[in-house]
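No value in this document is a laboratory result; all are computed from the given coordinates. Note that the coordinates shown come from a computational prediction; the quantities given were computed from them, not determined experimentally. Glycine also receives a Cβ, built like all others from the backbone with ideal geometry; neighbour counts cover every protein chain displayed.
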Ligand SMILES: N[C@@H](CCC(=O)N[C@@H](CS)C(=O)NCC(=O)O)C(=O)O
């Protein structure tokens, strides 16, 4: 299967999905124009048979690039990195590269699953929405503390120095969820709070924000 040429790209996305947000940033940074295909997670469109053909797990995001179909934000971002050489997401320095993978992995495998819709729905059936919210917030705060500690040793203007790399693509959506949606107090995380503000100044990040998507609910 040939890698796409970037002239027929579609992104299946939900405006408020942090995993989709990561990929939107990646596409914007690579300068790849794409067709936005909204999948309404609240209506359960992720379980429609035609969507499950693209991603049997029933999650957004899914990228279609010509005849290439890829699901999972990490896999999609690495595919974009390997296919489109402009604005690389990975530094040459192997240590810095590893730290980028570490941060991306903490966000995608440790933190984000706590805010996953199907998990939250399940927990809310057992305990109240308020209790679920408190549990999510405290779980995420604990992991943000770990990220804050890690970043103290590595951050420059961005997460791992003065250039935007993979870690930033994962951090920006996570910090947006934590500080904007969940209203976690950013003062407890000084390095993360500065990064959160810095990301707002980058056009590729700003245009990828949930509120700027065609399916956004205001
Ligand atoms: N590891 C996957 C996780 C994808 C994921 O959790 N997507 C969420 C939105 S951020 C979703 O589609 N949830 C729908 C559901 O829970 O039914 C990735 O990084 O793409």
Notebook entry, point to check: Of 15, 135, how do they rank once you tally other Cβ atoms within 10 Å and put the fewest first?
Noted result: 135, 15
Checklist line | Pairwise centroid distance, computed over Cα atoms, of segment 169-195 with segment 15-32, Å | finding: 17 Å
Item checked: Global geometry of segment 48-121, whether rounded, prolate or oblate, following the gyration tensor of its Cα atoms and the 1.5 cut on a/c -> oblate
Check: What percent antiparallel are the DSSP beta bridges of the chain, to the nearest 5?
Finding: 70 percent
Next item on the list: Could you give log10 I(q)/I(0) at q = 0.17, 0.21, 0.22 Å⁻¹ for segment 94-205, computed by the Debye formula over C-alpha point scatterers of equal weight, without solvent?
Entry: -0.79, -1.12, -1.20
Next item on the list: With springs only between Cα atoms under 10 Å apart, run a GNM on the chain and tell me which of 166, 119, 147 wobbles the most.
Entry: 119
Checklist line | Of 80, 120, 42, the one that fluctuates the most in a GNM where the chain has Cα springs shorter than 10 Å | finding: 42
Next item on the list: Take the Cα coordinates of segment 5-100, assign each an equal point scatterer, and use the Debye formula without solvent to give log10 I(q)/I(0) at q = 0.12, 0.17, 0.22, 0.24 Å⁻¹.
Entry: -0.39, -0.73, -1.10, -1.25
Notebook entry, point to check: Given springs between every Cα pair under 10 Å in a Gaussian network model of the chain, which of 100, 16, 116 has the largest fluctuation?
Noted result: 116
Next item on the list: Provide 138, 18, 73 in ascending order of the number of other Cβ atoms located within 10 Å of each residue's Cβ, fewest first.
Entry: 138, 18, 73
Notebook entry, point to check: Rounded, prolate or oblate: which fits the chain, taking a ≥ b ≥ c as square roots of the Cα gyration tensor eigenvalues, rounded meaning a/c under 1.5, else prolate when a/b beats b/c?
Noted result: oblate
Check: Under the rule of -39500 (n - 2.57) per DSSP H run of 4 or more residues, summed and divided by the residues of the chain, what mean residue ellipticity at 222 nm is obtained, to the nearest 500 deg cm²/dmol?
Finding: -14000 deg cm²/dmol
Notebook entry, point to check: Considering only segment 9-88, what is the antiparallel percent among its DSSP beta bridges, to the nearest 5?
Noted result: 65 percent
Next item on the list: Neighbouring Cβ atoms within 10 Å as the yardstick, rank 136, 160, 83 fewest first.
Entry: 83, 136, 160
